[in-house]
Amino acid sequence: MWNSAIVAYFHYLGFMLAFAALIVELFNLKPDITLEQAKKVAFADIVYGLAAVTILGTGVLRVLYFGKGTAYYMHNPFFLGKMAVFIIVSLLSLYPTITFILWFKDLQKGEAPVLEVSKINILSGMIKGELLSFTILPLLAAIMARISG
Ligand code: HEM
């Protein structure tokens, strides 16, 4: 029971951290981004990556060992919907993550990256899409845990 509670806790903690990291990214992405802001965004994206791995790892553990049994989830449309949304979030995060990784050379030299407005709009749009998906995921989770479909 303790193991199950701890795994569930890290599942929720991962979700909260991922959401918080995306908010930090969104609020710091500006045309005249400073070195400090760019570092915050890059750091937030590392936190986001670790949080996503935690969510996935604890989710798999819950499916395999601490939930209602693998068969329950594999035939549950809300679980499958949740996985589909999670994949969409992961795909949406690719472009921002690659962009922030490419900043590292500039950041190490102590230079802020140059950001065009069009690029900021694309990055912000993707992050907003991720945030929206993150608000849908707990709803699907709550339904899947109660309704087998
Ligand atoms: C950002 C992504 C995710 C969020 C926000 C999320 C959120 C949640 C929430 C809020 C619950 C509790 C549901 C309840 O008891 O009312 C839950 C449970 C669960 N999640 Fe996730 N989850 C995510 C990703 C995943 C992934 C990727 C997996 C599987 C690989 C997964 C598998 C599970 C399982 C098995 C449960 C237990 C359901 C039960 O009690 O029967 N989750 N999740």
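Taking the listed residues Leu139, Leu115, the one that is part of a helix (DSSP H, G or I) and either hydrophobic (A, V, I, L, M, F, W, C) or near the ligand (Cβ under 9 Å from one of its atoms) (or both) is Leu139, with no other qualifying.
Whenever a residue of region 1-22 is near the ligand (Cβ under 7 Å from one of its atoms), its partners that are modelled with pLDDT of 95 or more and of a type in the set (Val, Ile, Thr), lying with C-beta atoms within less than 7 angstrom and at least six residues away or across chains, give the pairs His11/Ile55; His11/Thr58; Phe15/Ile55; Ala18/Ile55.
Ala71 meets the conditions (1) exposed (fewer than 15 other Cβ atoms within 10 Å of the Cβ); (2) in contact with a Lys or Arg (Cβ under 6 Å, 6 or more places away or on another chain) in every case but one. The failed one is (2). Close Cβ contacts (under 7 Å, 6 or more residues apart or on different chains) running from residues in region 95-117 that are under 16 Å from Pro31 (Cβ atoms) and loosely packed, with under 10 Cβ neighbours inside 10 Å to residues that are modelled with pLDDT under 95 and not charged (D, E, K, R) comprise Val117/Pro31.
When you look at Ser148, is it within 10 Å of the ligand (Cβ to nearest atom), touching a residue at least 40 places away in the same chain (Cβ under 8 Å) and not in a helix (DSSP H, G or I), yes or no?
Yes; evaluated as a whole, the condition is true for this residue.
The values are calculated or read from the model by the stated rules, or taken from the named source; none is laboratory data. From a predicted model like this one, the values you see are computed outputs, not experimental measurements. Here the Cβ is made from the backbone with ideal geometry for all residues, glycine too, and neighbour counts use every protein chain on show.
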